[in-house]
Every structure is written in structure tokens, then in C-alpha cells.
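Worksheet: the structure to be examined is printed underneath.
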Amino acid sequence: MEKIIDEKQQGNSLIMEPKTENKRKLFIESYGCQMNFSDSEIVASILSKEGYNTTQQLEEADLVLVNTCSIREKAEQTVRKRLEKYNAVKRINPNMKVGVLGCMAERLKSKFLEEEKIVDLVVGPDAYKDLPNLINEVEEGRNAVNVILSKEETYGDISPVRLQTNGVSAFVSITRGCDNMCTFCVVPFTRGRERSRDPQSIIEEVNDLASRGYKEITLLGQNVDSYLWYGGGLKKDFKDATPMQKATATSFASLLKMVAEAQPKMRIRFSTSNPQDMTLDVIEVMAAHRNICNYIHLPVQSGSDKMLKKMNRLHTREEYFTLIDNIKKLIPDCGISHDIITGFPTETEEDHKDTLSLMQYVKYDFGFMFAYSERPGTMAARKFEDDVPEETKKRRLTEIVNLQQEHSKYRTQQFIGKTVEVLIEKSSKKSDAHWSGRNTQNTVVVFPKENYEVGDFVNVKINDCTSATLIGEPIGYSENN
Ligand code: SAH
Ligand code: F3S
């Protein structure tokens, strides 16, 4: 699953199986990371019990919810623009209520109600179970806000309604919040402290997805390698756990193993890994299980030790290389992708060159690259001046994007002449006669449909490629079918 942290992307409105007894209409759309998309499925599930079916027609909605992203300023601007659109619709449908969910709700809290007159409801990421009460408040004519962050909430007891699904791949969230405090990042403020979900409820969800025909799951968290279940509670309080809790705690490596062994035919992916928290045993579990995909999203942010330190990324460039070497040693064909930020405060041309040379070393399969955007309240905003000129940030961004393009092409070319296993997800965007799916390394593969179906595992011989896509011919079902 590609990471969807791209504010340029259109918000996706979602549909689900309607319940006939449900009379009210919910229009819900999500911006930002995969976690937001996954959270919207939890919200739809909570509201389905309150009499709401989802609709894709904004104009007919009784309730409009927008699940928002604060990661960069542009992401917030995108949401503000959407609110203008809702405003226009509300003029025609004055009874329509509008709610803001997610990170912007948490960051701006009741300020939202002052700044955006259209908004009736502001709900932070840990307060979705309170939505029925909050909606009642709104229906009685009051604005409603709940942005309380929780120590416990993981929504582990809620069975998400799968929205806009291809019936093949699904997200399963395993942790919420983040304790890492990277100095540029707003997430620890908007999503709170890190807590993990009961492994039993994770396995149950995965088993349920398998029984409904799903073929691939992505375990989701801001920092999955930090997963730690010791009976509930915050990760930071683990030090005070009882000896028994400590002895029986479940780490990410053991969770991954449990999930892979519970459903040996299910493809397993996970996102995101923070290099400082990724341990060798996770890579060993990946190497030992065929159904865990050979792909790691491993954001690095910068190749300069000075920048890494300033960003509070708790590893050096050398340690990152060691991790990459270990991955390649244990899983030689592992796909690796990155996130990189250009123009973090005080970044010099030398620092930027360090990033380029780090990229040269790894030759990532693909990556997500961003110009630094100062976020209010973060350590970087409080302590460092945003002193790299906008045009320098952009020029450096272009340079890393171009280099990534070269590396992506280099990586896709390595597949030419080889046969890869592809899980079919959908029709190719460019041609209705072709299927589109991904190989284990998470690279998109397109090939003629023949008699194959969505959800089939197919062996595909690769004949051609672009920097982002492999093009091939199917040579039969894979043994995983
Ligand atoms: N651990 C999270 C990271 C979320 S943020 C995850 O699940 O992916 C995703 C990426 O956005 C980060 O890795 C970083 O590269 C980028 N990012 C975060 N804050 C940023 C900021 N203030 N300016 C520019 N890019 C930022
Ligand atoms: Fe943000 Fe760093 Fe956590 S990028 S989500 S604080 S790992």
C-alpha cells in the first residue's frame, strides 16, 4: 500500500454496505495518512449504529465529516478549501451539519468554531466514541467539541466498516499516538502518547478479514516497531509494569510473527518504521515468513548527522547504513522507501549533499519528499528559526526528487526478465484491459487481464518498466492461491 501522506491527493469520500433501516446520510472524507483512512472506517462503524449510511453525494448529506491532516501547512489549507465547498452546499441544504475530525481538530480545538463558521462539531482522534453524544448536542442547536486525548483508547473493540474497499487489502491499526518527539512533527501533539492495541483483538480482526476473502493487510501505526502490549496502558509507563507483565509482554516482532502464522496465506505489510526503533528480530521474522512482504518504509528525513540530531531522530547516518546493510543481508531483495525533508532550519549545502549521498548508498525503490513546513507548537517552531529560504528548500527538493527518480528507474529495471508474484487489486488506471497490483516489494505491476480476477495471486514475467511501474505478462497462478 502506498503511503498516502500527500496533501495534493483529493480527499476520498467513502461508501459502505447500507443498512436498510438507516435513514440518515453521512458524507465522510479523509485527508492525510493511512491512519486517517483507517479511523474513518471506525467512525463509519460507530455512526452506522446511530442510523447513518454513507453517501458519496455531498449535496444529500445530513452530516458531513472531514478527517483532517496537520502534518504540513498545505495539508491544512486543503481542508480549509474543502470547508468553503461545504459552505456553498450548506446554503442549499441548511440542515446539513459539518464536523471536523482528526489532527486539525486536535490542534485547533474550539478555535475552529470561531475561525470557520460552517463547523458545528470538532472531534479529536481519541474521542470518536463520543460522536453519538456530540451529534445529539449539535442537533439540539449547540456546537460540540471533544478533543480529549486518551491513555487507553485504541478502538480495539470496534469492528471497522470497510469503506471504498476492493475487498482485497485492508488496514489494521496496531498502535496509536507517538512518543518520539521528532522536533519538526506535530503528530505527538495531535495524536497523543503512544499506546498499543491488544494482540488478541488484532488477530481476531485479521482472522475476520481472511474469512471475508481479504488477501493483504497492512499493520498501521505512527511507529509500528515500538509496538508493546503489556496488558494496556501507555508505552512510557511500561517501566512501572509488574515483573509478570514485563515477562509476558508482546513486542512488534512477536506480533508480526503471530499475525503471519495465524494467516499464512495472507500478505502482511506494516507501516511506518522509525529506524531508531526497528530491531534485528523484526527483520528476522520478516525473513522467516514468506507471507510478510519484503518491503520496509524507513523514513530517514536527512543524511546529515547534524540535521538528524536537530530533528531528534535518535540515530546517526552510520547506524542507518548498518540497519540497511542488515536488511539487505537478511532479505537481499527487500524494497525500501523513505521520507525526506529538505530545508530544515540551518540546513547547509553540505547537509543537503549528505542527504544526496545517503540516497546514493541506499538507492531507494521510491520515496516521499517534502520541503520543511514549520508547525506551530513543535520544538522546531519554538527553538529554531525557519531560516532556509523557500526557493532553496524547493531547489533542494527538486534535486532529491530527480535523484529518487533515477534510483526508482534503476530499481524497476532490475526486475526486467524476472518473474514476480502479484496480488491483483484493480483495473489499471491507464488501460481497462490490464490489471494492476503490487509485488512483494510494493512496486506496482500491470499486465493483461486474461482470465484472472481481482484477489488472485499471479506470477507475472516482467518485460518492461517505467520508474514507477513494472509491465509484464501473466504466466499462471502462484502457489499462494
Ligand atoms: N511516523 C509517521 C510519520 C508521519 S509524518 C508515519 O506513520 O509515517 C510523515 C512524514 O511527513 C514524515 O516522515 C516527514 O518526512 C514528513 N513531515 C512531518 N512533519 C513535517 C514538517 N513539519 N514539514 C515537512 N515534512 C514533514
Ligand atoms: Fe512524527 Fe517522528 Fe512520531 S515523524 S509521528 S514524531 S516518529
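Sort the following peptides by mean Cβ neighbour count (other Cβ atoms within 10 Å, averaged over residues), highest first: 322-334, 270-282, 292-304.
292-304, 270-282, 322-334
Between beta-carbons, use under 14 Å as the cut-off and find the net charge around K246, counting Lys and Arg +1, Asp and Glu -1.
Around K246, the charge tally is 0.
For the range 146-151, in order, what is each residue's ³J(HN,Hα) by Karplus, 6.51 cos²θ - 1.76 cosθ + 1.60 with θ = phi - 60°, in whole Hz (x at glycine and Pro)?
Using θ = phi - 60°, the values come out as 9, 10, 6, 8, 10, 8 Hz.
Once the Cα gyration tensor of the range 245-316 is diagonalised, what are the square roots of 5 times its eigenvalues, in whole Å and ordered largest first, as equivalent ellipsoid semi-axes? The partial results should precede the final answer.
Numbers: eigenvalues 154, 49, 14 Å².
So the equivalent ellipsoid measures 28, 16, 8 Å along its semi-axes.
If packing is taken as the average number of other Cβ atoms within 10 Å across a peptide's residues, how do 447-454, 262-269 rank, most packed first? Each step should come with its number before you reach the end.
Numbers: 447-454: 14.6, 262-269: 17.8.
The densest-packed peptide leads the list: 262-269, 447-454.
Return a whole-number percent for the relative contact order of the range 169-390, with Cα pairs under 8 Å and 6 or more residues apart as the contact set.
Relative contact order comes out at 19 percent.
For the chain, calculate the relative contact order in percent as a whole number, restricting contacts to Cα pairs under 8 Å that are 6 or more residues apart.
10
What are the ³J(HN,Hα) couplings of the range 64-80, residue after residue, when phi is run through the Karplus curve with 6.51, -1.76, 1.60 and θ = phi - 60°? Round to Hz, x for glycine and proline.
Using θ = phi - 60°, the values come out as 10, 10, 10, 8, 9, 10, 10, 4, 9, 4, 4, 4, 5, 4, 4, 5, 4 Hz.
As an exercise, use a Förster radius of 56 Å and the Cβ-Cβ distance of M244 and A381 to find the FRET efficiency, rounded to the nearest 0.05.
0.85
Would you mind getting the accessible area per residue of the range 419-477, heavy atoms of the protein chains only, 1.4 Å probe, in Å²?
44
Using a 1.4 angstrom probe, figure out how much accessible area the range 98-210 has per residue, in square angstrom, rounded to the nearest whole. Show your work: numbers first, answer last.
Details: 4070 Å² over 113 residues.
Dividing the accessible area of the range 98-210 by its residue count gives 36 Å².
Once both labels are modelled 7 Å past Cα along the beta-carbon direction, what's the R24-K129 spacing in nm?
That separation, rounded to one decimal, is 2.0 nm.
Quick one: net charge of I203's neighbours, Cβ under 11 Å, K/R +1, D/E -1?
Charge balance near I203 sits at -4.
Rounded to the nearest percent, how much of the accessible area of the chain (1.4 Å probe, protein heavy atoms only) is carbon and sulfur? Show your work: numbers first, answer last.
Numbers: 10150 of 20070 Å².
So the carbon and sulfur contribution to the accessible surface is 51 percent.
How big is the range 419-477 along each principal axis, measuring the range of its Cα positions in Å and listing the largest first?
Ordered largest first, the range 419-477 gives principal extents of 27, 22, 18 Å.
Enumerate cysteines in the chain without a disulfide-compatible partner, where compatibility requires another Cys Cβ under 4.7 angstrom.
Flagged as lacking a Cys partner: C33, C69, C103, C178, C293, C334, C465.
Would you mind counting up the charge near K409? Only other residues with Cβ under 13 Å from its Cβ, with Lys and Arg at +1 and Asp and Glu at -1.
Net of charged neighbours comes to -1.
Pulled fully out, how much extra length does the chain show between I148 and Q77, if you take 0.36 nm times their separation in residues and subtract their Cα-Cα distance? Before the final figure, lay out each step's value.
Details: separation 71, 0.36 × 71 = 25.56 nm, distance 2.39 nm.
Roughly 23.2 nm would be gained on extension.
May I ask you to evaluate 6.51 cos²θ - 1.76 cosθ + 1.60, the Karplus curve with θ = phi - 60°, for each residue of the range 354-359 and list the ³J(HN,Hα) values in order in whole Hz, giving x for glycine and proline?
Values per residue, Gly and Pro as x: 4, 5, 4, 6, 4, 4 Hz.
Treating each Cα of the chain as an identical point scatterer and ignoring solvent, apply the Debye formula and state log10 I(q)/I(0) at q = 0.11, 0.12 Å⁻¹.
Calculated log10 I(q)/I(0) at the listed q: -0.97, -1.16.
The values are calculated or read from the model by the stated rules, or taken from the named source; none is laboratory data. Everything numeric here is computed off the predicted structure, so don't read it as measured data. As a convention, Cβ positions derive from the backbone with ideal geometry for all residues, glycine included, and neighbour counts pool all protein chains shown. The area values use the complete protein model at the heavy-atom level, side chains included, leaving out ligands, DNA and RNA. Shrake-Rupley method; radii C 1.70, N 1.55, O 1.52, S 1.80 Å.
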